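Reviewing the structure listed below.
The values are calculated or read from the model by the stated rules, or taken from the named source; none is laboratory data. Here the structure is a predicted model, which is why all the values come from computation and not from measurement. Please note: Cβ atoms are built from the backbone with ideal geometry, for glycine as well, and neighbour counts cover all protein chains shown. These area figures cover heavy atoms from the full protein model, side chains too; ligands, DNA and RNA do not enter into them. Shrake-Rupley method; radii C 1.70, N 1.55, O 1.52, S 1.80 Å.
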Amino acid sequence: MNFFSRGETRGSDDAENDRYLRLFINVPKTASESDIKLYFSKFGDVQGVKLLRYKDSNESKGCGFVTFSK
């Protein structure tokens, strides 16, 4: 399923898009990357977790990305 018009993709090349699935998530601000990886591991092979953080305080914004292997 392509959500971008005219066959455009965002980010990296097609080969990488074929290997990974990236999911945007909302989480409690107290959740750590390891907590999120542990939780989402029951749904597949988690390649990475990236929480978005405020630059000045390094506090979690309560959202981020989970990357799965396809």
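Residues are listed down the side, and each one gets a yes or a no for (1) at pLDDT below 95; (2) surrounded by 12 or more Cβ atoms within 10 Å (Cβ to Cβ); (3) touching a Gly at 6+ places or on another chain (Cβ under 8 Å); (4) closer than 15 Å to GLY64 by Cβ:
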residue: ARG6; (1), (2), (3), (4): yes, no, no, no
residue: ASN26; (1), (2), (3), (4): no, no, yes, yes
residue: ILE36; (1), (2), (3), (4): no, yes, yes, yes
residue: PHE40; (1), (2), (3), (4): no, yes, no, yes
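Residue pairs whose Cβ atoms lie under 8 Å apart, sitting 6 or more positions apart in sequence or on different chains, and linking a residue in segment 23-39 that is under 12 Å from LYS50 (Cα atoms) to a partner that is of a type in the set (Lys, Arg) and open to solvent by 100 Å² or more (accessible area, probe 1.4 Å), are GLU33/LYS50.
Scanning segment 44-70 for residues being among the polar types (S, T, N, Q), open to solvent by less than 90 Å² (accessible area, probe 1.4 Å) and free of Cβ contacts under 8 Å to residues at least 24 places away in the same chain gives a total of 1.
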